[in-house]
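Single-structure report; data block below.
The values are calculated or read from the model by the stated rules, or taken from the named source; none is laboratory data. Keep in mind it's a predicted model, so treat the numbers as computed, not measured. Neighbour counts run over all protein chains shown; Cβ positions are idealised from the backbone, glycine included. Protein only, heavy atoms only, side chains kept; ligands, DNA and RNA dropped before computing areas. Shrake-Rupley method; radii C 1.70, N 1.55, O 1.52, S 1.80 Å.
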Amino acid sequence: GAFEDCTELSNAVFLGSQPKIFYANVFNNTNSSFKITVLHDAIGFGKPSPYNNETTWTWSFPYNSYTVVMTMYGDINNDGRFDTGDCVLMRAFILGKVTEFPNKNWRLIGDLNSDSVLDTGDYLAMIARFLGKITKFPVES
């Protein structure tokens, strides 16, 4: 597989749905704690059906299985939802009071305006979404 025997690989992040061609051995012999991270609206990846808002599940194949972890844009505190806690944490980051977030993929899911920087633009997008001024973050459009 493409990442077979990459023992240093601990996480793969997919920003869309499962690729149409996905071989079961693509991540063979990776780190024992390896996880696949997908966004909340992703299709595939062994997502449970019916889906009941699970945030973690096992995606099984005949010879191996992977842990899949659900995340969403804006959930920088990693509690499974976007809410005031994320806004407060982003504000603290902008003010220099924190330098990292609990979600390991914070650089990706916190960049809400797709400019590759976490800054006031992302914070303003959070506030606009929280107040109902927008229904999706700019990165989701």
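What the table shows:
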| read-out | value |
| --- | --- |
| Selection within the stretch 59-97 - more than 29 Å from GLY44 (Cα to Cα) and either of a type in the set (Asp, Glu) or not in a helix (DSSP H, G or I) (or both) | LEU95, GLY96, LYS97 |
| The stretch 103-121, residues that are closer than 16 Å to THR37 by Cβ, in a loop (DSSP other than H, G, I, E, B) and open to solvent by 30 Å² or more (accessible area, probe 1.4 Å) | LYS104 |
| Enumeration of residues in the stretch 25-49 that are open to solvent by 10 Å² or more (accessible area, probe 1.4 Å), under 24 Å from ASP5 (Cβ atoms) and part of a loop (DSSP other than H, G, I, E, B) | ASN25, VAL26, ASN28, ASN29, THR30, ASN31, SER32, SER33, PHE34, GLY46 |
| Inter-residue pairs, beta-carbon under 8 Å, first more than 19 Å from ASN64 (Cβ to Cβ) and in the stretch 11-23, second among the basic types (Lys, Arg) and in a loop (DSSP other than H, G, I, E, B), 6+ apart | none |
| Per-region count, the stretch 55-96, residues within 27 Å of ALA128 (Cα to Cα), open to solvent by 30 Å² or more (accessible area, probe 1.4 Å) and in contact with a strand residue (DSSP E or B) (Cβ under 7 Å, 6 or more places away or on another chain) | 3 |
| Yes/no for GLU100 being in a loop (DSSP other than H, G, I, E, B) and touching a Pro at 6+ places or on another chain (Cβ under 8 Å) | no |
| Cross-chain or 6+ apart pairs with Cβ under 8 Å, the stretch 80-103 first and over 25 Å from VAL68 (Cβ atoms), then polar (S, T, N, Q) and open to solvent by 30 Å² or more (accessible area, probe 1.4 Å) | PHE93/THR99; ILE94/THR120 |
